[in-house]
Each structure stands twice: as structure tokens, then as C-alpha cells.
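This report concerns only the one structure given below.
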Amino acid sequence: MYLVGLIHFLVISNINVDDNFLTSNFQLDSGEINSIDSIIKYKETNSKKALEFAFELLKEIPEEFELSLDYVNLNYYIGETFYHLQDYVSSYQYLIKSLELYELLDKNKRRNRNVLKPPWILSVMGAVYFKNGNYNIAEYYYNEAIENFQLFDSEFTQEKIFGLSNAEESLAQIEIQRGNFKNAEILFKKAKERRGDDTVSKMYSNLFLMELYILWNKLDFAEEYFSKIKFEYDNKGKDSRVEATLHYSEANLIYGKYFKDILDYNKALNFLLAAKKELEKINGEILSPYQSYQRVDYEIADILIKTNKYQEAEQFLINSNIDENTTRNQKILNFKLLEKIYSNTKENDLLLSVKDSIIAYNENPINIQIQNEFNLLENLILVTDKQNELNLSKLRTSTITLISIFSVVSLSLLILFLRENIQLQRQKNYKLKYEKSIIKNELKLKERELFSKINFISQRNQHISNIKDKISKNNNDPSFIKNLENELKYLTSSNRAYKEFDKMLSQVYPKFYEKLNSNPGLSKTDIRLAAYIKMNHSNHEISRISGISIRTVESQRYRLSKKLKLKKGQELNSFINNI
């Protein structure tokens with residue numbers, strides 16, 4: 001999506017609409033050095049060169065100097081330049097440093113005494129968060145920028161209007177990312193009304209609205225605003241030739257990408273070629289990476305590849321004006337298109353060469369950048385530390401005292417907190433250990449009770465066996481019959497023992513019955529047999545407890561194995577014990 005990149009480029013690049021508000025010369029012992037103007041000149045078109053100027057200027061700053069607005073702005077420009085290099089971490093570090101130095105700056109040396117924080121710095125910080133997808137934080141910084149723009153003195157009315165418009169357009173961009181197209185429309189139109197009626201401003205605002213309506217799928221409105229952009233372009237003045245041409249070229253590029261996305265390649269090519277034609281009219285102008293010709297060439301080449309015109313696409317990419325100012329991401333995108341071409345045309349040697357280039361651009365610049373960043377940050381830290389010592393020397397004694405008091409109090413509170421926390425933890429550990437011991441003892445008790453019930457059942461069955469023997473020997477004795485009835489009554493009441501056995505087993509092994517009952521094919525006999533196996537009883541013991549023959553027990557085990565669908569060679573006892 002072009003608008004994401006374009007919005008923030010335009011927000012940042014147009015900060016220099018009134019560059020004299022930030023630009024002045026450092027007064028150094030070697031005389032006047034005008035490098036800060038060079039930073040402004042190259043920060044977008046040749047960011048690496050801008051950084052070279054910036055850090056050469058830092059080296060020339062003497063050990064003792066008075067903090068000025070120039071030094072605050074120097075940090076700001078370094079942060080903005082890193083933004084153009086897409087190094088958002090370094091950008092944020094320098095922007096934060098710039099804000100910190102601004103707070104140390106004497107109010108009499110500030111451009112607007114009522115401004116709490118420089119709003120342009122806040123705008124770039126918002127753009128950094130936007131690029132990283134942190135829309136809530138980006139929104140916070142944009143709103144804070146608006147608050148500070150509104151505090152500008154009357155002599156900076158034009159800058160105030162321009163800054164408010166940029167911040168509102170940035171907020172609209174966030175609403176687009178959230179899918180709130182109506183809110184974005186309101187903000188864009190509010191910014192357009194604020195900007196005024198000059199040709200470039202109207203084209204600039206209409207460009208936002210045109211793409212918004214494309215994203216919103218309101219194509220009639222999009223076409224209407226494209227017509228407005230073309231009308232303004234056809235009637236532009238000579239003084240605005242470059243800016244107006246760029247805006248009209250971007251409008252064609254946006255439409256070209258839209259038709260490419262909906263697979264209407266003929267219309268897409270017409271718009272993209274029109275965009276390229278407009279850029280060729282300002283050939284020789286130094287453009288930023290966001291305005292570069294390569295972006296248009298890339299889209300045209302991509303369409304040629306999609307339509308199997310590999311040779312034409314290859315020539316387009318090879319002839320594209322790739323130079324040291326082209327962003328690393330754009331170079332990688334171009335190489336990936338070449339990769340597609342050579343992959344489809346089976347040119348393996350060229351394909352390997354392109355793959356090596358992609359790997360090189362993905363890895364080498366990172367290592368170089370890390371080393372350069374370390375060196376640059378080291379210079380900045382040295383200068384900043386010296387400046388902080390100068391500005392805080394009068395407050396050092398009182399600050400140290402307050403810090404000491406605060407440290408002692410904090411340490412005391414920390415010790416008390418840790419002491420209480422350790423004591424509380426000890427109590428928790430003791431309680432946990434005690435509860436664990438109780439549970440363990442209860443479990444052992446349950447196991448003893450369970451084995452007791454097993455023994456009782458075993459004795460009962462032995463009793464039944466004895467009764468059978470007596471019956472066979474005293475079949476006709478009346479007194480024996482009476483005694484037999486009493487014994488049977490006792491045994492009948494002992495059936496409760498097995499129910500208690502089941503209850504005890506479920507308490508000791510709570511998940512055992514739950515898992516068995518989940519198998520609808522198991523009978524009560526099957527479950528009872530599984531319970532005896534769980535208690536590690538042999539076939540002989542199960543026979544004696546249940547009052548059945550060993551052969552019957554073996555038959556029951558075989559049926560249970562089938563119902564549990566045990567694999568060949570899998571032991572029933574092992575399976576039951578693992579439940």
C-alpha cells in the first residue's frame with residue numbers, strides 16, 4: 001500500500017517548509033561551520049552523507065560549550081535521518097535524546113516559550129511507532145504534537161497550520177489501518193481545509209483522499225479526486241512544477257497498483273507508464289527514496305513478469321536507476337523479481353548470482369550498520385555527558401542528597417518487603433508441607449482399608465466354601481439347617497463389603513473408574529475384574545475372592561482384553577496398572 005509509505009515521507013520531508021526555524025550555525029573555536037544546512041539538504045536524498053556531516057559536526061564541538069537550540073536540532077536531524085534509513089531503533093534513540101536536551105534548554109533560548117515539547121520531534125516519533133505497527137502509541141505522539149503546535153506563537157502561524165495538518169493526516173492514516181475509513185475521511189478533509197487553496201496543497205490533500213476511496217472501494221469518489229488532481233496539474237504554476245509533477249505521478253502510480261491488484265494488467269500498465277513519463281520530465285532532480293523512479297519500474301516489471309514477458313521485465317529492472325541512494329529494501333525487491341525471471345527461464349547461473357545478492361543485502365548491511373551505529377552513538381554519548389555535567393553542576397549537591405535519602409528509604413522499604421515476603425513464603429511452605437503430609441497419611445490409610453476389605457472378601461469366600469463342605473456332609477441334620485440359615489444371613493449382610501471395596505478403590509485411584517466407565521462395552525464383571533488386577537491380585541487370588549474357578553477368571557481376562565482392544569503382545573496387567 002503506497003499511502004502508508006507516502007504519508008510519512010510527506011510528513012517528515014515537509015518539516016523543512018520553514019527550515020530557517022531550525023537552521024543556524026554552531027559557533028565553534030574553528031570558526032563557523034554550516035554543516036547543519038548540509039544535513040537538511042541530504043537527510044532524505046542521501047541519508048548516509050547527511051550522517052557523515054552530522055557526526056563530523058559533533059567531533060568539532062569543543063569540550064565546553066553552552067547548550068543551544070542548534071545542538072537540540074542536530075540530534076533531531078540525526079534521528080530523522082535514521083528514520084529515512086529505516087533504522088527505527090536508532091531514530092528513536094536520537095529523538096528521545098533531542099527531547100531530553102530540549103527540556104534542559106533555557107526557556108529564553110527556545111523558539112516558542114510556551115511549547116512544552118518540540119512537535120516536529122513528536123511527529124517523527126509517532127511515525128517511528130507507526131512503522132512498527134504500534135498504532136496506539138503513534139496516536140499518542142501525534143495528539144501530543146497537535147497540542148504543542150496549538151501553543152505556537154502568532155508569528156509562526158503558517159508553521160502551526162502546516163504542522164497541525166500533517167498530524168491530522170497521520171491520525172487519519174492510523175484510522176485507515178484500523179479500518180475506520182469514515183474517521184479517516186473526516187480527518188483528511190479537515191486537514192485539506194486547513195492547508196489552503198494553493199495548487200500543490202490541493203493536489204497533496206486530494207492524493208490522500210483519492211487513495212482512501214480506493215481502499216474504501218468507493219471508486220466513483222476516487223475517480224473524482226483523480227480528476228481534481230489532473231485538473232490542478234494541468235493548471236499548475238511554474239514555481240510548483242516539481243512538486244506538482246511528483247503528486248500527479250504518485251496519483252498514476254496509486255491507480256496503477258490498484259488495477260494490478262485486481263489483475264487488470266492493461267489498465268495498470270497505462271497508469272504506471274504515465275507515472276514514469278511524469279518522473280522523466282523532472283529527470284536530474286535529486287529525489288528521496290520514497291519518490292524514486294525505481295518504485296515505478298518495480299511495479300511495471302512485476303506486471304511484465306505476471307504476463308510472462310520475462311525479457312522485457314529483465315531489461316526494465318537492469319535499466320532501473322539503482323544507485324547508492326536506493327534503499328536496501330528496494331534493491332532486495334528488484335533482485336527478487338530477477339529471481340522470479342531467472343527461475344522461470346531456467347537460467348541457473350544468473351539465478352544463483354541473484355540469490356547471492358539477496359543474501360548479501362540481507363546480511364552485510366546489518367553488520368556494517370551495527371558497527372557504524374556503535375561508533376556514532378559513542379561520539380554522541382561523550383558529548384551529551386559533558387553537556388549534562390555543565391548544566392547540572394549547580395544542582396548536583398542537592399540532587400545527590402535527595403537521591404541518597406530516597407535510596408536509603410527505598411532500601412529500607414525493600415528490606416522490610418523482602419523480610420515480610422520471606423516470612424510469608426516460609427509460612428506458605430510450612431502449610432503446604434503440612435497439607436501434603438496429611439494427604440499422604442490419608443492415602444496410606446485408604447490403601448490399608450482397601451487391603452483390609454480385600455482380605456475380608458477373601459475370608460467370606462473361604463467361609464462359603466466351608467459351608468458347601470458342611471452341606472455335603474450334614475445334609476439331613478435339622479440343627480445343622482438352622483445354623484446354616486444364620487451363617488447365610490451373615491454372609492448376605494457381608495455383601496456390603498464389596499460395595500465398600502469399590503468405594504475405597506475409587507477414592508485411592510479417582511481416575512481409574514472414570515476411565516473404565518468411558519468404555520461403554522465394559523460390564524460390571526469386567527470392571528470388578530479390572531479392580532482386582534489393579535490391586536495386583538493373581539488369578540488364583542481373584543478366583544478365591546470372587547468364588548469362581550481359575551478357568552472362569554482366565555476367560556473373563558480374555559474377554560476384557562478384547563473389549564479394551566489391546567494390541568498383540570500387550571499385557572493386560574500392564575495396561576490396567578497404567579490407568
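The values are calculated or read from the model by the stated rules, or taken from the named source; none is laboratory data. None of these values were measured; they are calculated from a predicted model. Every residue, glycine among them, receives a Cβ derived from its backbone with ideal geometry; neighbour counts consider all protein chains shown.
Summary table
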| item | result |
| --- | --- |
| Given (1) touching a residue at least 40 places away in the same chain (Cβ under 8 Å); (2) not in a loop (DSSP other than H, G, I, E, B), number of the condition PHE152 does not satisfy | (2) |
| Any chance SER353 is modelled with pLDDT under 80, of a type outside the set (Asp, Glu) and part of a helix (DSSP H, G or I) | no |
| Members of segment 232-263 that are over 36 Å from the mean Cα position of the chain (by Cα), assigned to a helix (DSSP H, G or I) and either surrounded by fewer than 22 Cβ atoms within 10 Å (Cβ to Cβ) or modelled with pLDDT of 90 or more (or both) | GLU232, TYR233, ASP234, LYS238, ASP239, SER240, ARG241, VAL242, GLU243, THR245 |
| Residue match in segment 177-191 (condition: closer than 28 Å to LEU304 by Cα, of a type outside the set (D, E, K, R) and in a helix (DSSP H, G or I)) | no |
| Residue match in segment 208-223 (condition: modelled with pLDDT of 90 or more, of a type in the set (S, T, N, Q) and assigned to a helix (DSSP H, G or I)) | no |
| Identity of the residue in segment 130-152, surrounded by fewer than 18 Cβ atoms within 10 Å (Cβ to Cβ) and closer than 15 Å to ASN112 by Cβ, that ends up farthest from the chain's Cα centre (by Cα) | LEU151 |
| Complete set of residues in segment 45-81 that are within 19 Å of LYS107 (Cβ to Cβ) and modelled with pLDDT of 80 or more | LEU67, SER68, LEU69, ASP70, TYR71, VAL72, ASN73, ASN75, TYR76 |
| Pairs, first farther than 19 Å from GLU278 by Cα in segment 210-236, second among the hydroxyl-bearing types (Ser, Thr, Tyr), C-beta under 6 Å, six or more apart | ILE214/TYR258; PHE221/TYR213; ALA222/TYR213 |
| Neighbours by Cβ (under 8 Å, 6+ apart or cross-chain): first from segment 561-578, of a type in the set (Ser, Thr, Tyr); second at pLDDT 85 or above and not in a loop (DSSP other than H, G, I, E, B) | SER561/LEU572 |
| Criterion: closer than 27 Å to TRP120 by Cβ and either out of contact with any helix residue (DSSP H, G or I) (no Cβ under 9 Å at 6 or more places or on another chain) or surrounded by 23 or more Cβ atoms within 10 Å (Cβ to Cβ) (or both) - qualifying residue of ASN180, ASN166 | ASN166 |
| Number of the condition not met by PRO119 [criteria: (1) buried (at least 16 other Cβ atoms within 10 Å of the Cβ); (2) out of contact with any Gly (no Cβ under 8 Å at 6 or more places or on another chain)] | (2) |
| Segment 103-130, residues that are over 23 Å from GLU44 (Cβ atoms) and assigned to a helix (DSSP H, G or I) | GLU103, LEU104, LYS107, ASN108, LYS109 |
| Test result for GLN570, polar (S, T, N, Q) and either surrounded by 13 or more Cβ atoms within 10 Å (Cβ to Cβ) or touching a Leu at 6+ places or on another chain (Cβ under 6 Å) (or both) | no |
| Sole residue being part of a helix (DSSP H, G or I) and modelled with pLDDT under 80, chosen from LYS515, LYS482 | LYS482 |
